[in-house]
Amino acid sequence: MEEKKSTPMIIAGAVILFLLAGCGAPRMQSSGFLSDYDRLRPAQKEEHVLYWEQPGVDWKRYDKLIIAPVQVRIVPADPPVELRPGEAEELAGRLHEALVRGLRERYPVVETAAPDVLVIRPALTHLKPVTPAVNIAATALLGVPVDVGEAAVEAQFADSLSGRILGELTVGSRGSIVDITRVWTRWDQVNRAFELWAQRLRRAMEE
């Protein structure tokens, strides 16, 4: 009888641990892309964002954007993450597309510097794919998937004419097993994170 009672408790405990492990953001290491990591501080309204900005910047005067191609600055992770050839570059392209798509309706994306144009320079610094086979096995054993995707990015914001850096940020996301439709393919959770980052960036700029 005791053995029968303890088994569900063990499984329930494991599920809770996996749920907790899926929360929060990956631990990020600096890639060297930003100019000043020592100035980064936690944002008040956006979870898992560190940023700094120059005092006195009139952000509202910028109503157009230049969104630079996303650089790939993947920092070695512990434990190591194995990426297939070309995956990081492909996802950098998807991140750029997500930023353009998420911002262009409110902020026209242009290519020419002007007094009202802000430059966004992003860099993709961390990637961890979902392993679908792990989630299939975990679901069979525990009733829930356990492996989620991760991503992190660093970004600079600069005046397009002077090149002066006006602010910098880092943001990282870990997927959720609650979003069960996105744990069966390798990069669905990361692609969703890109979309959410673009939405949050637009909201922050509007505010």
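The values are calculated or read from the model by the stated rules, or taken from the named source; none is laboratory data. As the structure is a computational prediction, the values presented were derived from the model and not from experiment. With ideal geometry, Cβ positions are generated from the backbone for all residues, glycine too; neighbour counts draw on all protein chains shown.
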Quiz item: Restricting attention to segment 67-103, and to residues there that are of a type in the set (Lys, Arg) and within 15 Å of residue 191 (Cβ to Cβ), which single residue is surrounded by the most Cβ atoms within 10 Å (Cβ to Cβ)?
Solution: 94
Quiz item: In segment 172-207, what residues are at pLDDT 90 or above, small (Gly, Ala, Ser) and outside any helix (DSSP H, G or I)?
Solution: 172
Exercise. Please find, within segment 39-77, the residue that is farthest from residue 175 (Cα to Cα) out of those that are assigned to a loop (DSSP other than H, G, I, E, B), out of contact with any Pro (no Cβ under 9 Å at 6 or more places or on another chain) and of a type in the set (A, V, I, L, M, F, W, C).
Key: 57
Quiz prompt | In segment 117-166, residue modelled with the lowest pLDDT [restricted to those that are surrounded by 14 or more Cβ atoms within 10 Å (Cβ to Cβ) and over 25 Å from residue 193 (Cα atoms)] | solution = 142
Practice problem: Could you pull out the residue among 44, 71 that is among the polar types (S, T, N, Q) and modelled with pLDDT of 95 or more? | Solution: 71
Practice problem: Examine segment 84-99 for a residue that is of a type in the set (Gly, Ala, Ser), within 15 Å of residue 193 (Cβ to Cβ), outside any strand (DSSP E or B) and in contact with a helix residue (DSSP H, G or I) (Cβ under 9 Å, 6 or more places away or on another chain), and state whether such a residue exists. | Solution: yes
Quiz item: When residue 80 is evaluated against the numbered criteria (1) assigned to a loop (DSSP other than H, G, I, E, B); (2) at pLDDT 95 or above; (3) closer than 25 Å to residue 31 by Cβ, which criterion, by number, is the only one it fails?
Solution: (2)
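Could you please find all residues in segment 138-172 being of a type in the set (Asp, Glu) and at positive phi?
Correct list: empty.
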